[in-house]
Amino acid sequence: MNSLEKIGEPLKLQLNDCWAKTDECGQPALSVRDHCVNVGAVASLACGMLPESSRCLLPDGAVSLIAAHDIGKITPGFLMKCAAWRSKWQKVLGLDSLDVYEGNHAPTGQRFLAGVAELGNPPTNWLILHHGKVSQMRGTAWMNTVFGTSVLDDVEGMQTRWKPKPSGFVVLLSSQPSQTSEGTTLRFLDGTSHTFLPGRFDFDLARKLHCNACRVPKYLIADTLRSHTAPAWLAQHFLNSILATCPPDSAECEPCSSPPQIAYRLRYNPERGLWHERNTSVSVPWDEEESWF
């Protein structure tokens, strides 16, 4: 019996059943709730780092609005894009075919938030561009394609941030994770630490992970990712991510678990940040050669 079922009652959709991200096999993975909490954690940190001259320009409840950027994914038009979710829930919920529903979750979320009376009149237009992407054309403001208005060039690239290669994240620690009876303890490079129970969502953990994460081209950590040695709980916060230790007074930055031979060695310096060195004794697939960094 499914854990959501009760005797004599039909299966009901719960918030945790609404996926935001799928795994590599196309199965529902990170829920909308957990994804939005992750984003809210980053927004809270980022807003706190703004100078007062900029912070005063933010609307009331800005962090909550940013956290809710993917609320539009809790709709049939988005959820049924995942075949595994569709096969489980479509008949149970009495849903029509996928093409009946709005499939673009950004304007759907915008319309929902604009209609929440408790929010007053929130500035939700930015939700349309919440991923900073364009339709298919670099240099074209994507919002114009949504509303059908005339196309405007995005000459400064503010709405077209993208890279030709996929990226990943390296979370920097000062030492290897440790296990105690209370859970897993992480000691981060910024001097903070946190003990948590894997599998339970932890807002403070999310904030500290994002404070100590560096975005890198995915090919730099591809060897470690292919070994599937990264802890499963890390995928709740970042896709394509690994943990790495940067001991004090050392330029070394070693993945916490990786194959004996890796194509790219990572290095860290407080002034320069993270960089890499190519290990020429290890070959790499053609699509993982350096193309940007």
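The values are calculated or read from the model by the stated rules, or taken from the named source; none is laboratory data. Quick caveat, the model's predicted, so the values are computed rather than measured. Reconstructed Cβ throughout: ideal geometry from the backbone, glycine too, with neighbour counts over all protein chains shown. Just so you know, the surface numbers come from the protein's heavy atoms only, side chains and all, with ligands and any DNA or RNA stripped out. Shrake-Rupley method; radii C 1.70, N 1.55, O 1.52, S 1.80 Å.
7 Å from Cα along Cα→Cβ at both Gln179 and Ser97: what's the point-to-point distance in nm?
The modelled label-to-label distance comes out at 5.1 nm.
Could you estimate the translational diffusion coefficient of segment 198-272 from the Stokes-Einstein equation, with Rh from the Kirkwood formula over C-alpha pairs, at 37 °C and 0.692 mPa s, in whole µm²/s?
244 µm²/s
From a point 7 Å beyond the Cα of Cys25 in the direction of its Cβ, which residues of segment 76-99 have a backbone N at a distance under 15 Å?
83-85
Over segment 234-276, average the accessible area per residue using a 1.4 Å probe and give it in Å², no decimals.
Here the residues of segment 234-276 average 50 Å² of exposed surface.
Report, by chain and number, residues whose modeled amide H sits under 5 Å from the one on Leu30, excluding near sequence neighbours (fewer than 5 apart, same chain).
So Leu30 has HN proximity to Ala20, Lys21.
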